[in-house]
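*Asks:* Sending over a structure as structure tokens; questions will come in a sec.
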Amino acid sequence: MRHLFKTCLLFYCLLWGMSAQAELVIEVTQGNDQAVSMAVSPFSWTGGKVLPEDPAAIIDNDLKLSGLFKALPRTSMLSFPASEPEVYYRDWRLLGASYLITGQVTLRDRAYTMNYQLYDVVRGKRIAKGGI
């Protein structure tokens with residue numbers, strides 16, 4: 001009888017443990033108090049219907065959420081350049097941006113392509129470009 005009692009007690013404890021809810025606790029132990037200032041200009045659209053997604057806003061949010069960058073709000077921007085000739089580095093330096101991202105979205109043959117450029121505002125030059 002005693003053996004049956006221990007077996008039932010063990011079985012009950014196992015069932016109770018399986019039904020217990022786990023609590024997720026995330027503890028942030030490190031941070032970045034010197035986030036890099038970044039500006040993401042709204043991308044220009046050509047060739048068709050504008051999509052409901054805003055690629056510049058997506059990039060902006062991803063950079064902010066990384067914790068490594070602080071984004072310049074669009075309401076603070078003096079202009080919305082889409083290409084290098086439209087970038088006035090002096091204006092972006094005055095706003096405190098270290099880097100600037102611009103881009104273009106194009107619809108061609110029912111397919112969207114996106115090109116982007118990354119500028120080093122402090123040095124006053126484009127440092128990267130690409131497309132997808």
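What follows draws every value from the coordinates through simple rules; no lab data is involved. The structure presented is a predicted model; accordingly, all values stated were derived computationally and were not measured. Counting neighbours? That spans all protein chains shown, and the Cβs are built from the backbone with ideal geometry, glycine included.
*Asks:* Each residue of the stretch 55-60 in turn: what ³J(HN,Hα) in whole Hz from Karplus with 6.51, -1.76, 1.60 and θ = phi - 60°, glycine and Pro shown as x?
*Replies:* With the stated coefficients, the stretch 55-60 comes to x, 5, 5, 5, 4, 4 Hz.
*Asks:* Which loop-located trypsin sites (Lys or Arg not before Pro) does the stretch 60-132 contain, where loop means any DSSP state but H, G, I, E or B and the Cβ has at most 15 other Cβ atoms within 10 Å? Walk me through the intermediate numbers first.
*Replies:* Numbers: sites: 64, 70, 74, 90, 93, 108, 110, 123, 125, 126, 129; in loops: 110, 123.
Taking the stretch 60-132 and a limit of 15 other Cβ atoms within 10 Å, the loop trypsin sites (Lys or Arg not before Pro) found are 110, 123.
*Asks:* Once the Cα gyration tensor of the stretch 36-88 is diagonalised, what are the square roots of 5 times its eigenvalues, in whole Å and ordered largest first, as equivalent ellipsoid semi-axes?
*Replies:* 20, 16, 9
*Asks:* Hey, another quick one. Order these by the 10 Å Cβ neighbour count, fewest first: 75, 106. Write out the running numbers ahead of the final one.
*Replies:* Numbers: 75 5, 106 15.
So the residues, fewest neighbours to most, are 75, 106.
*Asks:* Over the stretch 27-116, how many percent of alpha carbon pairs lie in each 10 Å bin up to the one with the longest distance?
*Replies:* Here the calculated profile for the stretch 27-116 is 16, 43, 28, 11, 2.
*Asks:* From the gyration tensor of the Cα coordinates in the stretch 63-132, what semi-axes in whole Å does the equivalent ellipsoid have, largest first, with each one equal to sqrt(5λ)?
*Replies:* Working: eigenvalues 104, 43, 29 Å².
Those come to 23, 15, 12 Å.
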